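The values are calculated or read from the model by the stated rules, or taken from the named source; none is laboratory data. Everything numeric in this text was worked out from a predicted model, so none of it was measured. Glycine also receives a Cβ, built like all others from the backbone with ideal geometry; neighbour counts cover every protein chain displayed. Note: areas computed on protein heavy atoms with side chains; ligands, DNA, RNA excluded. Shrake-Rupley method; radii C 1.70, N 1.55, O 1.52, S 1.80 Å.
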Amino acid sequence: PVPKGRTDGKPVNQGVKFLKFNRNLRSVAEERVGGVCGNLRVLNSYWINQDAVFKYFEVILVDPSHNAIRNDPRMQWITQPVHKHREKRGLTSAGRKSRGLYKKGTGTKKLRPSRRSVWRRLNTTSLRRYR
């Protein structure tokens with residue numbers, strides 16, 4: 001998180017031990033597979049097994065150029081160009097979970113539709129034309 005553990009500034013800001021990775025390992029696995037298999041689309045994934053060191057996930061990939069997918073009305077949505085690399089943008093189930101979109105109610109005001117859009121909305125001054 002900091003270069004060579006060197007944090008400049010006051011001692012209160014020098015803690016580097018308890019920082020955690022923000023995403024879950026399942027979304028990391030999806031992203032790695034999606035980068036290797038660039039011509040396929042990541043549909044979803046699920047946990048298979050784990051040992052003391054590793055967790056193993058199975059990632060479901062879809063070939064968008066396959067005629068069976070293109071002609072299936074329930075699956076042809078994934079052939080659209082807007083669904084390229086869903087796993088990199090947090091649109092799969094594991095990515096949505098790490099973005100906090102499975103929560104409802106209190107504490108979710110700054111999550112929807114995304115943290116970036118909420119930040120942009122709150123930090124943009126909107127002035128009426130005639131005021």
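Structural remarks
- Binned Cα-Cα distance frequencies in the range 13-69 - 10 Å width, integer %: 20, 38, 24, 13, 4, 1
- Residues in the range 1-78 average 80 Å² of solvent-accessible surface per residue, probe 1.4 Å, ligands and nucleic acids excluded.
- Cα-based reach from residue 20 at 19 Å (exclusive), listing lysines while leaving out same-chain residues under 8 positions away: 4, 55, 97
- When each of the peptides 122-130, 21-29 is scored by the mean number of other C-beta atoms lying within 10 Å of its residues, the order from highest to lowest reads 21-29, 122-130.
- On the principal axes of its alpha carbon atoms, the range 76-131 extends 48, 30, 17 Å, with the longest extent given first.
- Largest-first ordering by accessible area, 1.4 Å probe, given options 33, 53: 53, 33
- P(r) tail fraction, the range 48-109 - alpha-carbon pairs more than 15 Å apart, %: 67
- Taking 0.36 nm per residue of separation and subtracting the Cα-Cα distance, full extension of the segment from residue 20 to residue 103 would add 27.9 nm.
- Within the chain, helix-based [θ] at 222 nm, where runs of 4 or more DSSP H residues each add -39,500 (n - 2.57), nearest 500: -6000 deg cm²/dmol
- Only the Cβ atoms of Lys and Arg (+1) and of Asp and Glu (-1) were treated as charged; on that basis the dipole of the chain about its Cα centre amounts to roughly 1260 debye.
- Each Lys or Arg adds one and each Asp or Glu subtracts one; over the other residues with Cβ under 13 Å from the Cβ of residue 62, this totals +1.
- Positive-end extreme of charge dipole, the chain - chosen from 79, 37, 52 (charges on Cβ): 79
- Answer label for Rg and Dmax of the Cα atoms in Å (calculated), chosen among (i) 16.1, 67; (ii) 20.1, 65; (iii) 38.9, 127: (ii)
- Spin-label pair residue 4-residue 127: with each label point 7 Å from Cα along the Cα-Cβ axis, the two points sit 4.8 nm from one another.
- To put it simply, the accessible area of the range 14-97 at a 1.4 Å probe is 55 percent carbon and sulfur.
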